[in-house]
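The values are calculated or read from the model by the stated rules, or taken from the named source; none is laboratory data. For clarity, every value in this text was computed on a predicted model and none was experimentally measured. Here the Cβ positions follow ideal geometry from the backbone for every residue, glycine too, while neighbour counts run over all protein chains shown. These accessible areas exclude ligands, DNA and RNA; they are computed on the full protein's heavy atoms, side chains included. Shrake-Rupley method; radii C 1.70, N 1.55, O 1.52, S 1.80 Å.
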Amino acid sequence: EKQGYQHFMLKEINEQPESLKRLLALYLDDDQLDLGSTGLKNNWLQDYDKIQIVACGTAYHSGLLAKYLLEDKLRLEVEVEVASEYRYRNPIINQRTLLIVVSQSGETADTLAALRLAKKNGATVLALTNARDSSIAREADLLLYLNAGPEIAVASTKAYTNMVAAFYLLTVDGMRQRTEISRQEVQAYQTALIKLPELLRQVIEHTGAKVEKIAEKYAVQEHIFFIGRNTDYTLALEGSLKLKEISYIHAEAYPAGELKHGTLALIDTGVPVVAVGSRIDIFSKLFSNLKEVKARGAETMLITIENQDFEASSVDYLVELPEFNQYFVGLLTIIPLQLLAYYTALFKGEDIDQPRNLAKSVTVE
Ligand code: M6R
């Protein structure tokens, strides 16, 4: 069932354009966004004072990304928390809270417990899940089905992409309800979403060989750092988790501006630093952090959008992505990040689909 691929993970990375299309097909009718089948009301935004997003691991990272977009575009407060913390700390929940739980498997024990806690306290629960018959899907009030197809590799790839895309859909649906935002802007975002699968396909096609070469160098490393700002920081977190999970290399992700508050002390000759830089509005800020690590001898990799102006001498490895809508372009960086983890683990000869100590579905707390 690997259809010629050496691993399920690589198969699932390559499936992303198609699985994203399947999600969009569920909620874009004649190119018009319609989330009615989730159970969300047409004007849901007015019913809530805040959104809480609760999940674990990769699903949690999709929520971190969503906070940046939802707060920016909807001006509604968004809290994001890992489920194992949320459930044991007496969080503030009421009838005007929308709890969004995110889970590929729909069976993660802590996420399910968080759902039950929020429901008991009067919140409305929306589940973003890839398993329609799961406990989380059954117990939630509202269901946005991710439709990514079965994900076999323990490392989550295509489910993450559809989680982020599902948050894109929610963002645009919320924008539609705000009179401050023009119809043209909403339409432009909708049109951009429809183009996203094709862009993912192009990025897979154009970055694979390059990332494979970089990974060969990374396979001998002990520590790798990831930096980014804004949504790119959340992608850096996801890239570092993926690398840890399957290559067993110690990786950490930081908001780029936070390095000089301690972590910079670890940057020395030859230490690899991956800078995720899809946010052009703050690219110069990220780049000055990249120069700081380069000046301390780091070996730098930059993932950014083509046609940027920067000093090439500060960048050892460059991966360029096509220009695209500023809010959605970040998702394209996940492809080189996933491939970097995959090929690094491959060069190390690790068990990519079944990493040690981990299970696909974490049904115990
Ligand atoms: O099934 P879930 O989305 O609830 O799983 C949550 C995490 O266990 C999961 O994302 C985990 O972090 C992945 N193995 C990461 O690749």
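Within the range 91-133, which residues are hydrophobic (A, V, I, L, M, F, W, C) and within 14 Å of the ligand (Cβ to nearest atom)?
Taking the range 91-133 as the starting set, the residues that turn out to be hydrophobic (A, V, I, L, M, F, W, C) are 92-93, 98-102, 109, 112-115, 117-118, 123, 125-128, 131.
Residues satisfying the conditions are ILE100, VAL101, VAL102, ALA109, LEU112, ALA113, ALA114, LEU115, ALA127, LEU128, ALA131.
Would you be able to say whether some residue in the range 153-172 is at pLDDT 95 or above, over 18 Å from the mean Cα position of the chain (by Cα) and of a type outside the set (Val, Ile, Thr)? Within the range 153-172 (the criterion being at pLDDT 95 or above, over 18 Å from the mean Cα position of the chain (by Cα) and of a type outside the set (Val, Ile, Thr)), the answer is no, since none of the residues qualifies. Identify, please: which residue in the range 225-247 is closer than 18 Å to ILE335 by Cβ and more than 16 Å from the ligand (Cβ to nearest atom) and is, among those, most open to solvent (accessible area, probe 1.4 Å)? Applying the filter and picking the extreme gives TYR233.
Quick check: is even one residue across the range 103-122 in contact with a Gly (Cβ under 7 Å, 6 or more places away or on another chain), within 20 Å of LEU20 (Cα to Cα) and of a type outside the set (Asp, Glu)? Within the range 103-122 (the criterion being in contact with a Gly (Cβ under 7 Å, 6 or more places away or on another chain), within 20 Å of LEU20 (Cα to Cα) and of a type outside the set (Asp, Glu)), the answer is no, since none of the residues qualifies. If the condition is being assigned to a helix (DSSP H, G or I) and in contact (Cβ under 8 Å) with a residue 40 or more places away in the chain, then the range 234-256 contributes THR234, LEU235, ALA236, LEU237, GLU238, GLY239, LEU241, LYS242, LEU243, GLU245, ILE246, SER247.
Being free of Cβ contacts under 8 Å to residues at least 12 places away in the same chain and not small (Gly, Ala, Ser) is true for just one of ASN325, ASN357, ASN289. Which residue is that? Walk me through it before giving the result.
Values: ASN325 fails: free of Cβ contacts under 8 Å to residues at least 12 places away in the same chain; ASN289 fails: free of Cβ contacts under 8 Å to residues at least 12 places away in the same chain.
Every option except ASN357 fails the conditions.
Going by the structure shown, is HIS250 in contact with a strand residue (DSSP E or B) (Cβ under 7 Å, 6 or more places away or on another chain), within 22 Å of VAL315 (Cβ to Cβ) and open to solvent by 50 Å² or more (accessible area, probe 1.4 Å)? Quick ask: steps written out before the conclusion?
Numbers: in contact with a strand residue (DSSP E or B) (Cβ under 7 Å, 6 or more places away or on another chain): yes; within 22 Å of VAL315 (Cβ to Cβ): no; open to solvent by 50 Å² or more (accessible area, probe 1.4 Å): yes.
When the stated conditions are applied, HIS250 does not pass them.
Exactly one residue out of GLN190, GLN184, GLN221 is open to solvent by 20 Å² or more (accessible area, probe 1.4 Å), assigned to a helix (DSSP H, G or I) and either on the phi < 0 side of the Ramachandran plot or free of Cβ contacts under 8 Å to residues at least 12 places away in the same chain (or both), and it is GLN184. A residue that is surrounded by fewer than 17 Cβ atoms within 10 Å (Cβ to Cβ) and farther than 30 Å from LEU339 by Cβ occurs somewhere in the range 7-30. Pairs are defined by a Cβ separation below 6 Å, a sequence spacing of at least 6 or placement on different chains, a first member in the range 107-125 that is at negative phi, and a second member that is away from the ligand (no atom under 16 Å from the Cβ) and among the basic types (Lys, Arg); the pairs so defined are VAL125/LYS119.
What residue, among those in the range 137-163 that are of a type in the set (A, V, I, L, M) and surrounded by 24 or more Cβ atoms within 10 Å (Cβ to Cβ), is nearest to the ligand (Cβ to nearest atom)?
Our first condition is that a residue be of a type in the set (A, V, I, L, M); within the range 137-163, this holds for 137, 140, 142-144, 146, 148, 152-155, 159, 163.
Those left that are additionally surrounded by 24 or more Cβ atoms within 10 Å (Cβ to Cβ): 140, 144, 146, 148, 155, 159, 163.
Details: ALA140: 13, LEU144: 14, LEU146: 10, ALA148: 11, ALA155: 4, ALA159: 6, MET163: 8 Å.
Within the range 137-163, the match that is nearest to the ligand (Cβ to nearest atom) is ALA155.
Candidates in the range 112-135 are the residues that are out of contact with any Phe, Trp or Tyr (no Cβ under 9 Å at 6 or more places or on another chain) and of a type in the set (Ser, Thr, Tyr); of these, the one that is least open to solvent (accessible area, probe 1.4 Å) is SER134. Within the bounds of the range 66-74, is there any residue that is open to solvent by 40 Å² or more (accessible area, probe 1.4 Å), out of contact with any strand residue (DSSP E or B) (no Cβ under 7 Å at 6 or more places or on another chain) and closer than 27 Å to HIS206 by Cβ? Yes, because at least one residue in the range 66-74 is open to solvent by 40 Å² or more (accessible area, probe 1.4 Å), out of contact with any strand residue (DSSP E or B) (no Cβ under 7 Å at 6 or more places or on another chain) and closer than 27 Å to HIS206 by Cβ.
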